[in-house]
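Novice: Following this message is one structure expressed as structure tokens.
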Amino acid sequence: MKLHNLTPAEGSKGRTKRVGRGPGSGHGKTATRGSNGAQARAGYSRKKGFEGGQMPIQRRLPKFGFKNPNRVEYKAVNLSALQTISERFNVTDINVDVLIEAGFASKNDLVKILGNGELTAKLNVTADAFSATAIEKIAGLGGTTNTKR
């Protein structure tokens, strides 16, 4: 088999429809576009959401909701995860860099420590935010909590 022998599979390539080439072609005069209206004209493009004159869905449905531009989103890390990190890496000082290294956060995340799970180790934790229960549990074991900013 050589390049000049290659052909498409039998029946896979149909002939292109040539429109507007006279009455003998069967696709002359209006060139399959119908008689009149915007769709028969050159350069017509239907606007996004157009439903043939019916009231479009984006106008039928009411507006609702609100996106707060000042929202601060935190990556949540539970105390059970801190316990796992302290056991696995044998550390007592946990900060954002340790959490990134352990795979619990990425470098652009703001980290909030939540109080879910059991903590048995005395830890010094530095993060962007803490829940009240997390502060209570860490302090209960003699550890410290420091906010980064």
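Novice: When segment 97-114 is examined, which residues are found to be surrounded by fewer than 17 Cβ atoms within 10 Å (Cβ to Cβ) and farther than 22 Å from Arg71 by Cα?
Specialist: Asp97, Ile100, Glu101, Gly103
Novice: If you don't mind, there's one more thing I want to ask. May I ask you to list pairs of residues, at least six apart or on different chains, whose Cβ atoms are under 9 Å apart, with the first in segment 63-90 being in contact (Cβ under 8 Å) with a residue 12 or more places away in the chain and the second being of a type in the set (Lys, Arg)?
Specialist: These pairs meet every condition: Tyr74/Lys112; Lys75/Lys112; Ala76/Lys112; Val77/Lys112; Leu79/Lys137.
Novice: Are there helices (runs of 4 or more DSSP H) fully within segment 49-116 with at least 2 residues that are within 18 Å of Lys137 (Cα to Cα), out of contact with any Lys or Arg (no Cβ under 9 Å at 6 or more places or on another chain) and modelled with pLDDT under 95? List them.
Specialist: Output list reads 79-89.
Novice: From the list Ala81, Ala139, which one is of a type outside the set (Val, Ile, Thr), in contact with a Leu (Cβ under 9 Å, 6 or more places away or on another chain) and surrounded by 11 or more Cβ atoms within 10 Å (Cβ to Cβ)?
Specialist: Result of the check over Ala81, Ala139: Ala81.
Novice: Next question. Determine whether segment 127-135 contains at least one residue that is of a type in the set (A, V, I, L, M, F, W, C) and exposed (fewer than 11 other Cβ atoms within 10 Å of the Cβ).
Specialist: Checking segment 127-135: at least one residue is of a type in the set (A, V, I, L, M, F, W, C) and exposed (fewer than 11 other Cβ atoms within 10 Å of the Cβ).
Novice: Going by the structure shown, is Ala40 small (Gly, Ala, Ser), under 30 Å from Thr133 (Cα atoms) and in contact with a Lys or Arg (Cβ under 9 Å, 6 or more places away or on another chain)?
Specialist: In short, no.
Novice: Restricting attention to segment 117-126, report how many residues are in a strand (DSSP E or B) and surrounded by fewer than 18 Cβ atoms within 10 Å (Cβ to Cβ).
Specialist: 1
Novice: Moving on. Residue check, Ala40 against (1) surrounded by 10 or more Cβ atoms within 10 Å (Cβ to Cβ); (2) over 26 Å from the mean Cα position of the chain (by Cα); (3) more than 30 Å from Val19 (Cβ to Cβ), all met but one. Which one?
Specialist: (3)
The values are calculated or read from the model by the stated rules, or taken from the named source; none is laboratory data. Computed from a predicted model, the values in this text were never measured in an experiment. All Cβ positions, even for glycine, are placed from backbone atoms using ideal geometry, and neighbour counts span all protein chains on display.
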